[in-house]
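Take a look at the structure below.
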Amino acid sequence: MAADLPIGVFDSGVGGLTVAAALRRRLPSEELLYLGDIARLPYGTKSPGTVERYTLKAADFLIARGIKMLVVACNTASAHALTALMRAHPHLPVLGVIEAGAQAAARLSRSGTIAVAATEGTCRSDAFARAILTHRPEAKVSQIPCPLFVALAEEGLTDGPIAEDMVRHYLAAKFAPSNAPDCLVLGCTHFPLLTGALRRAIGDGPILVDCAEAVAEQAEQLLIAGGLAAPAGRAGGLSLIATDAPDRFARMATRLFPALGEVPAVELANL
Ligand code: DGL
């Protein structure tokens, strides 16, 4: 039965576990099969064609294992590969993170001045600006590449003076008092891990939009609409696969995501 199959979740590294954690909270009966392509990380500095190729390969791997839905828990892959993925797999429900985050920002910003912090690739694609303007045509959107946030998150350096300095380096000028955005979209699934440092560096004023909750809500609606929801009451689970260094991946997941509970042994995939 398709409903019994896991939901595939994919990111270049551990960042997409922010989305997996939101899916676990909202859909506890669902089985999640998570693939972190850390052999090829970072995606954010690579060209669109390369990101598309990596993403299609990762999707093929998860589909061969048997999944009923794919959540692309990576903004860079969502920006560059969502259309190709949907074309290649017309019968598989596929969700990206950009549309969910853009909708939330368009709804939550009061002033309509919205900043998006993302990888270089996501910023260059303009995908967030386009998606936000579809929902709120008068919005003023600025997209700020913050490539080193990914390395900080993967290193577990998510808090403390180094993380705060880095946040200031990229964002302080944009959030200087006059005409500052009232909303910052965390347009990379690694960035919610830096929330503490972000708050200390830019203050409590701006609304922080994390795409994870929004995409988990969309996943729930899609499962229900497609008759694909796992039987209520079933205890779901999380299986982790990494394309390199599975032990390191397990350590990072344990350290950064205590809410996921005991992290299962991580399988190594040769993609
Ligand atoms: N977590 C990914 C994203 O949301 C990108 C990190 C990377 O550069 O690989 O964009």
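Going by a ≥ b ≥ c, the root eigenvalues of the Cα gyration tensor, does the stretch 152-224 fall in the rounded group (a/c under 1.5), the prolate group (a/b larger than b/c) or the oblate group? Show your work: numbers first, answer last.
On the way: a/c = 3.20, a/b = 1.51, b/c = 2.11.
Oblate.
Take 109, 78, 142 and order them by how many other Cβ atoms sit within 10 Å, fewest up front.
By the 10 Å Cβ count, ascending: 142, 109, 78.
Going by the alpha-carbon gyration tensor, a ≥ b ≥ c the square roots of its eigenvalues, is the stretch 65-208 rounded (a/c under 1.5) or, if a/c is not under 1.5, prolate (a/b greater than b/c) versus oblate?
Numbers: a/c = 2.33, a/b = 1.39, b/c = 1.68.
Oblate.
Would you pull out the residues with amide H under 5 Å of residue 143's amide H, same chain only if 5 or more places away, H placed 1.01 Å from N?
116
Using the count of nearby Cβ atoms within 10 Å as a rough guide to exposure, how do 252, 166 rank from fewest to most? Mind showing how you got there, number by number?
Values: 252 23, 166 19.
Least to most surrounded, the residues fall as 166, 252.
Direction-averaged shadow area of the convex hull around the Cα atoms of the stretch 1-157, nm²?
Working: hull surface 38.7 nm².
Orientation-averaged projected area of the Cα hull: 9.7 nm².
Quote the FRET efficiency, to the nearest 0.05, computed for residue 108 versus residue 162 with a Förster distance R0 of 30 Å and r equal to the Cβ-Cβ distance.
Details: r = 29 Å, r/R0 = 0.98.
So, using R0 = 30 Å, E works out to roughly 0.55.
What longest region of the chain stays clear of GluC sites (Glu not before Pro) that DSSP places outside H, G, I, E and B and that have at most 12 other Cβ atoms within 10 Å?
The longest uninterrupted stretch comes out as 1-137.
Just check the stretch 125-271 against the gyration tensor rule for me: Cα atoms, a ≥ b ≥ c as the square roots of the eigenvalues, rounded for a/c under 1.5, and otherwise prolate or oblate depending on whether a/b exceeds b/c.
Working: a/c = 2.19, a/b = 1.30, b/c = 1.69.
In terms of gyration-tensor shape, oblate.
Hey, what number do you get for the chain at 222 nm if only DSSP H runs of n ≥ 4 count, each worth -39500 (n - 2.57), divided across all residues, to the nearest 500?
That calculation yields -13500 deg cm²/dmol at 222 nm.
Would you please state the base-10 log of I(q)/I(0) at q = 0.10, 0.12, 0.13 1/Å for the chain, with intensities from the Debye formula using one equal scatterer on every alpha carbon?
Debye intensities relative to I(0), on a log10 scale: -0.46, -0.68, -0.80.
Can you spot the aspartates and glutamates whose alpha carbon is less than 14 Å from residue 140's alpha carbon? Ignore those fewer than 8 places along the same chain.
126, 182
Could you please rank 204, 4, 11, placing first whichever residue has the fewest other Cβ atoms within 10 Å of its Cβ? Intermediate values should be presented prior to the final figure.
On the way: 204 7, 4 12, 11 30.
Starting with the residue having the fewest Cβ neighbours, the order is 204, 4, 11.
Bear in mind that the values in this text are calculations on the coordinates, not laboratory data. The model shown is predicted, which means the values in this text are computed figures rather than measured ones. Note: ideal-geometry Cβ built from the backbone for every residue, glycine included; neighbour counts use all protein chains shown.
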